[in-house]
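Trainee: My questions all concern the structure below.
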Amino acid sequence: MRQPIIAGNWKMHKLLPEATETARELRSLVGHVSHCLVIVAPPFTALRAVADRLDGSAIKVAAQNVCDIGGFGARTGEVSAAMLRDAGCEYVIIGHSERRLFYGETDEMVNRKIRAALEGRLKAIVCVGETLPEREAGREFAVVEQQIAGGLAGLTDEDMSNMIIAYEPVWAIGTGKTATPQQAQVMHEFIRRLIARIFGKVTADAVRILYGGSVRPDNIGELMSQPDVDGALVGGASLEARTFAEIVNYAR
Ligand code: PEP
């Protein structure tokens, strides 16, 4: 039985007062749930403050990106896994489609970032997903297979136990267009089979595969009813504590 995960990605939103207020509200709304693991990913500038507000609750903190080189060094503008842990993170989102699209992240970079995160004792939430033209060309499975094979290349079973996959069709992110529960299930099952081929069935059965793309309180229930959907990575609907809490509670 895989424990579901509901993760909220705040992206480049919220200054400190708003971030800490949202964390305070989340703590009182879902700070003690045990039916699923709740994770929030504030911007770098709010990580420490949010982690302090959530300390001792069941809600974990994630960063939205990490440097592909661990520790310390001459990497102006970058933040390493060690620094993220220092700021209170246990998780990090890697390879989000916005990073791939706007900052040119490749599968090789995603692979290096995963390694840096795991070496720095962070758990990785690795995003994959096809664009609309790729789906329309019937290439969605080929694209996701390449992202999985490239992103996870050379990793071990043990590495996989510290990883979560998020399937986020790019055409569903921030568009209000959610994949149907069937579309999500078909791709999640495909991803699980890929992981079984690379790492074996035990690892594939244990890995959590989240769906992301316009998840809301009114669609989380049917998405979660699919056997290979183990939770959600939520963008826009995670910004407001009550809406996010509704999603967490629906995921029961
Ligand atoms: C995301 O960016 O990870 C995401 C799923 O966004 P939204 O929920 O707003 O579509």
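Trainee: Springs between alpha-carbon atoms under 10 Å, Gaussian network over the chain: tell me which of ASN111, ASN65, ASN219 tops the mean-square fluctuations.
Mentor: Of ASN111, ASN65, ASN219, the most mobile in the Gaussian network model is ASN219.
Trainee: Okay, moving on. Classify the range 116-214: rounded, prolate or oblate, from the alpha-carbon gyration tensor (a ≥ b ≥ c, eigenvalue square roots; a/c under 1.5 rounded; otherwise prolate if a/b is larger than b/c)? Intermediate results must be reported in sequence, preceding the final value.
Mentor: Details: a/c = 1.91, a/b = 1.63, b/c = 1.17.
Prolate, since a/c reaches 1.5 and a/b exceeds b/c.
Trainee: By how many nm would the segment from ILE198 to ARG242 grow when fully extended, if each residue of separation counts as 0.36 nm and the alpha-carbon distance is taken off? Please report the intermediate quantities before stating the final value.
Mentor: Numbers: separation 44, 0.36 × 44 = 15.84 nm, distance 3.96 nm.
Result: 11.9 nm gained on full extension.
Trainee: Given Cβ point charges of +1 (Lys, Arg) and -1 (Asp, Glu) and nothing else, what value in debye, to the nearest 20, does the dipole of the chain about its Cα centre take? Intermediate results must be reported in sequence, preceding the final value.
Mentor: Details: 28 positive and 31 negative charges, 63 e Å.
It works out to roughly 300 debye.
Trainee: Pairs to check: LYS11/LYS177; LYS60/LYS177; LYS123/LYS177; LYS11/LYS201. Give those whose C-alpha atoms are more than 26 Å from each other in this structure. All intermediate terms of the calculation are to be shown ahead of the outcome.
Mentor: Details: LYS11/LYS177 19 Å; LYS60/LYS177 28 Å; LYS123/LYS177 29 Å; LYS11/LYS201 34 Å.
Among LYS11/LYS177; LYS60/LYS177; LYS123/LYS177; LYS11/LYS201, the Cα-Cα distance tops 26 Å for LYS60/LYS177; LYS123/LYS177; LYS11/LYS201.
Trainee: How big is the charge dipole of the range 39-95 about its Cα centre, in debye rounded to the nearest 20, if each Lys and Arg gets +1 on its Cβ and each Asp and Glu gets -1 on its Cβ?
Mentor: 60 debye
Trainee: Local charge sum around PHE141 (other residues, Cβ-Cβ under 14 Å, Lys/Arg +1, Asp/Glu -1)? It would help to have the intermediate numbers written out before the result.
Mentor: Details: positive: ARG135, ARG139, ARG192, ARG193, ARG197; negative: GLU130, GLU134, GLU136, GLU140, GLU145, GLU189.
Neighbour charge sum, excluding PHE141 itself: -1.
Trainee: So what is the calculated 222 nm ellipticity per residue for the chain, using -39500 (n - 2.57) for each DSSP H run with n of 4 or more, over all residues, to the nearest 500 deg cm²/dmol? All intermediate terms of the calculation are to be shown ahead of the outcome.
Mentor: Numbers: 12 runs with 110 residues, N = 252.
Only helices count here, giving -12500 deg cm²/dmol.
Trainee: Assuming a ≥ b ≥ c are the square roots of the Cα gyration tensor eigenvalues, decide whether the range 64-160 counts as rounded (a/c under 1.5), prolate (otherwise, with a/b larger than b/c) or oblate.
Mentor: Numbers: a/c = 2.42, a/b = 1.76, b/c = 1.38.
Prolate, since a/c reaches 1.5 and a/b exceeds b/c.
Trainee: Using a 10 angstrom cutoff on alpha carbons, build the Gaussian network for the chain and name the most mobile of GLY77, GLY95, GLY31.
Mentor: GLY77
Trainee: Residues of the range 118-145 with backbone nitrogen within less than 20 Å of a virtual label 7 Å along the Cα-to-Cβ line of VAL186, please, listed as ranges.
Mentor: Residues passing the 20 Å test: 128-145.
Trainee: Could you list which residues have their amide H under 5 Å from that of ALA63, counting only those 5 or more apart in sequence or on another chain, with H placed in the peptide plane?
Mentor: TYR91, VAL92, ILE93
Trainee: For the range 99-160, what is the charge dipole size about the Cα centre, in debye to the nearest 20, if Lys and Arg each add +1 at the Cβ and Asp and Glu each add -1 at the Cβ? Mind dumping the intermediate values first?
Mentor: Details: 9 positive and 12 negative charges, 63 e Å.
The dipole magnitude comes to about 300 debye.
Trainee: Grab the other residues whose beta carbon is less than 14 angstrom from that of GLU108, score K and R as +1, D and E as -1, and report the net.
Mentor: Values: positive: ARG99, ARG100, ARG112, LYS113, ARG115; negative: ASP68, GLU105, ASP107.
Result for the local shell: +2.
Trainee: Just to confirm, what accessible area per residue do you get for the chain at 1.4 Å probe, in whole Å²?
Mentor: Numbers: 11260 Å² over 252 residues.
Ligands and nucleic acids excluded, the result is 45 Å² per residue.
Trainee: Hey, another quick one. Taking the chain as a Gaussian network, where each spring joins two C-alpha atoms under 10 Å apart, which residue of ALA41, ALA184, ALA196 fluctuates the most?
Mentor: Comparing ALA41, ALA184, ALA196 in a Gaussian network model of the chain, the most mobile one is ALA196.
Trainee: Another question about this same structure. For the chain, which whole percent of the accessible surface, found with a 1.4 angstrom probe, sits on carbon and sulfur atoms? Walk me through the intermediate numbers first.
Mentor: Details: 5950 of 11260 Å².
Roughly 53 percent, rounded to a whole number.
Trainee: Rounded, prolate or oblate, given the Cα gyration tensor of the range 1-142, with a/c below 1.5 counting as rounded? Mind dumping the intermediate values first?
Mentor: Values: a/c = 1.78, a/b = 1.29, b/c = 1.38.
Cα axes put the range 1-142 in the oblate bin.
Trainee: Something else about it: Amide H of ALA166 versus every other amide H placed in the peptide plane: which residues, excluding those fewer than 5 positions away on the same chain, fall under 5 Å?
Mentor: Long-range HN contacts for ALA166: VAL126, CYS127, VAL128, LEU210.
Trainee: Which net charge results when you count Lys and Arg as +1 and Asp and Glu as -1 among the other residues whose beta-carbon is under 14 Å from that of ALA196? Could the numbers behind the result be given before it?
Mentor: Working: positive: ARG192, ARG193, ARG197, LYS201; negative: GLU145, ASP157, GLU189, ASP205, ASP228.
Here the charged neighbours net out to -1.
The values are calculated or read from the model by the stated rules, or taken from the named source; none is laboratory data. What you see is a predicted model, and the numbers here were worked out from it, not measured in a lab. Using ideal geometry, Cβ is built from the backbone for each residue, glycine included, and neighbour counts are taken over all protein chains shown. What goes into the accessible areas is simple: the full protein's heavy atoms, side chains included, and nothing from ligands, DNA or RNA. Shrake-Rupley method; radii C 1.70, N 1.55, O 1.52, S 1.80 Å.
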